[in-house]
Amino acid sequence: MSGAMTRGADPARVLERLRELRERDAPTHGGRVFAYVYDSGMPDLDRLASEAAELARPLNGLDPTTFPSIAAMERDLVAFARRALNGEKRRPGGKVVGSVTSGGTESCLLAVKTARDLWRDHWRDHDGRAARAIAHGRRPRLVAPATVHAAFHKAAELFDLELDLVPCEPDGSVRARAMIDRLGDDVALVVVSAPAYPSGAIDPIAEVSQAALAWGVSCHVDACFGGFALPWWPDAPEWDLRLPGVTSISADLHKFGYAPKGVSVLLHRGRRRHRRQFFAVTEWPGYPVVNPTLLGSRSASPVAAAWAITQRLGAEGYRELTASIVRSARAIASEVSGIRGLAVLGDPVGPALSLVDDRSVPRDERVDPHRLADEVARRGFKMQHQPGVAQSNGVRLPHSAHLTITPVTERSLPEFGAALRAAADVVRGRPQASATAALAALRLLGYGEDRAPGPSAAWAILRLAGVAPKPAGRSGGTSGSMPARLAPLMALVERLPAPVAEALLIELLARIGEP
Ligand SMILES: Cc1ncc(COP(=O)(O)O)c(C=O)c1O
């Protein structure tokens, strides 16, 4: 047992140790990390958020009747989101109401649970045959483009829906017709994104939501990523609550709302729909439980931080921050168009770009995006590797390097542009990393679609392939640091049968967390 566990440590030493640990983290500020963090570039806004979070720290969001300050802040946040997403005006379907959740995944999970429950209610009430089918375990479908966020894979698994992924075009866009053709009575929810994280493209929301309305199918817009940037994006197509077929929208305050992690908003059209999201139980001997979201006890700190930030910035503040993102997105797209062998995927609208190799030039002039990301990392910028995906119709979505563009990006544009050009010159002509040896070994060992490796075998494979996190030294466990080059790991993920790749990644993350 460590000294800290038996005796307790000096507070100054505790904080010193935490600072040491934090030194190994990727920089959260300054625009060097193009994923995970959303830096407004305004230190005074961060300070305000910290003070607000500290004021709310002792509260428990479980019970806003005991702590009414939480209800007051949540009302303001829902109202702010509703204005931004054009849900103020009362339209058929009822008043737009909603909840504050702990993040994008929770908002998406709740959107799916709500739609599934409404689907069950509807068919139980209206159709005897369907009621029997439901009683016999018939699963409703969740229709979404292949680029929909993984949170919906999770929701389908947790809430027992059949995930019906609609294949996208090679540029990551999805055809409205392909989506509409999949609608039917057994669809509990159709999901469209604004924008989709992997491609940066806005799905054909107007067409799909209109068709969903005609079918009486719930339609969720996943604006977790773009919800607090697109309202101020010039020339974005209509994608929000102006469209009458849109029944719910998720928008994350901890992304382009610039709040610390742990806060998102889920809006529903109509009180009845919103109330189906809740869980209540009185038949137990404790306090009556009424949970609007998935968690029980929950922190009020991210809510307070988000509240303070939205109060401070107002819509005008968000407009100014978004204007900076728009300039950066255009500048980066233009920089990429000048780099031979590299291209921006599809037609993104919003704060995400994905870089791919340019298939219109000969192979020996192409820039592999994962090798590029590894090389750019050596120059101090972190892009996110996205593996390619084989869709059900055989069309491959290409592997790419994702960039989340934030207001602070503008300050490092010249340096980033130079890093991108230099890195492209180093890797141009080199093909995607190969996973051939690891693949052959796995096949020999009998792993595949039907057989995933257990913890020890998965760890051995990761080590053999040279993609395991570094050992931490004498204290045991791993340091949590990944190898400098991720292209080989991504090649492995892309080529392996999904159950095997997933087992390897689970092992990798689990080992990082093992004492
Ligand atoms: C479109 C979209 N939906 C959902 C999520 C999930 O959000 P979170 O990571 O906050 O759970 C993300 C995260 O990037 C996203 O981009």
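The values are calculated or read from the model by the stated rules, or taken from the named source; none is laboratory data. Nothing here was measured: the structure is a model prediction, and the numbers come from that model. Counting neighbours? That spans all protein chains shown, and the Cβs are built from the backbone with ideal geometry, glycine included. The area values use the complete protein model at the heavy-atom level, side chains included, leaving out ligands, DNA and RNA. Shrake-Rupley method; radii C 1.70, N 1.55, O 1.52, S 1.80 Å.
Within the range 374-394, residues that are farther than 24 Å from Val148 by Cβ have Cβ atoms under 6 Å from residues that are not in a helix (DSSP H, G or I) in these pairs: Asp374/Arg485; Val376/Met383; Gly380/Arg32; Phe381/Arg32; Lys382/Ala26; Lys382/Val33, counting only partners at least 6 apart in sequence or on another chain.
For Val290, the criteria (1) in a strand (DSSP E or B); (2) under 24 Å from the mean Cα position of the chain (by Cα); (3) under 30 Å from Thr66 (Cβ atoms) hold in every case but one, which is (2). Scanning the range 184-205 for residues that are under 23 Å from Trp123 (Cβ atoms) and within 10 Å of the ligand (Cβ to nearest atom) returns a single hit, Val191. Residues in the range 41-51 that are over 11 Å from Pro260 (Cα atoms) and small (Gly, Ala, Ser): 1 in all. Take the conditions (1) more than 16 Å from the ligand (Cβ to nearest atom); (2) surrounded by fewer than 22 Cβ atoms within 10 Å (Cβ to Cβ); (3) under 24 Å from the mean Cα position of the chain (by Cα); Lys95 misses just one of them, which is (3). Which residues, counting only those in the range 231-254, are open to solvent by 10 Å² or more (accessible area, probe 1.4 Å) and either in contact with a His (Cβ under 9 Å, 6 or more places away or on another chain) or of a type in the set (Gly, Ala, Ser) (or both)? Of everything in the range 231-254, those that are open to solvent by 10 Å² or more (accessible area, probe 1.4 Å) and either in contact with a His (Cβ under 9 Å, 6 or more places away or on another chain) or of a type in the set (Gly, Ala, Ser) (or both) turn out to be Ala236, Thr247. For the range 133-152, check the following and say yes or no: at least one residue is more than 15 Å from the ligand (Cβ to nearest atom) and touching a Ser or Thr at 6+ places or on another chain (Cβ under 6 Å). The answer is no, given that none of the residues of the range 133-152 is more than 15 Å from the ligand (Cβ to nearest atom) and touching a Ser or Thr at 6+ places or on another chain (Cβ under 6 Å). Within the range 218-236, residues that are free of Cβ contacts under 8 Å to residues at least 60 places away in the same chain sit with their Cβ atoms under 7 Å from residues that are open to solvent by 10 Å² or more (accessible area, probe 1.4 Å), at 6+ positions apart or across chains, in these pairs: Cys219/Thr247.
Looking at Ala9, Ala49, just one residue is part of a loop (DSSP other than H, G, I, E, B) and on the phi < 0 side of the Ramachandran plot, and that residue is Ala9.
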